[in-house]
Amino acid sequence: MGRRGTTGGHTDAFKVRYEPSTYTWQLVMPERDEVGAPEKVVSQIAGADGGEGQGRRLAVVYDDGTDTIKLYLDGYTNAEATASLPDGWHSTGALQIGRAKAGDGWGEYLHGDVDEVQAYSDVLRDMDVLGLGWGTDPCVC
């Protein structure tokens, strides 16, 4: 399972992973910065390409104004990949790629490749996310 997220003291504010048993890309959000905290999970069904295709373009967009977080797969999202986070907590750590906090240590390492990472401090619109990974710059205006 691949993992990406921003860290808190004991867990990640969010994680993105692939669950092969259900063929789903998942966005996982612990409710609190505690080991073993309950998690909210949203997902999109899509097979991994096993390193044989163009790969997948994943994006996570959090809108603090609406307390909404969305998982995008290849530029698209849906209701099953969207969650409301009215009591979300703020991360105090750095963005981590390829590993996650696990029991106050590091674990859950990515088994795969990451080609490109982009991070923005503003909320991207749906049409901006669609263009990510194709050489276009989103409008963060």
Any idea what log10 I(q)/I(0) is at q = 0.24, 0.26, 0.28 Å⁻¹ for region 78-132, Debye with uniform C-alpha scatterers and no solvent? -1.29, -1.23, -1.18
What accessible surface, in Å², does a 1.4 Å probe find on residue 134, ignoring ligands, DNA and RNA and rounding to the nearest 10? 150 Å²
Tell me, what HN-Hα J-couplings in whole Hz come from the Karplus equation 6.51 cos²θ - 1.76 cosθ + 1.60 at θ = phi - 60° for each residue of region 31-42, using x for Gly and Pro? 6, 9, 7, 9, 4, x, 4, x, 10, 9, 10, 10
Other residues with Cβ under 12 Å from the Cβ of residue 126 give, with Lys and Arg +1 and Asp and Glu -1, a net charge of 0
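The values are calculated or read from the model by the stated rules, or taken from the named source; none is laboratory data. All values derive from a computational prediction rather than experimental measurement. As a convention, Cβ positions derive from the backbone with ideal geometry for all residues, glycine included, and neighbour counts pool all protein chains shown. All accessible areas refer to the heavy atoms of the entire protein, side chains included, with ligands and DNA or RNA removed. Shrake-Rupley method; radii C 1.70, N 1.55, O 1.52, S 1.80 Å.
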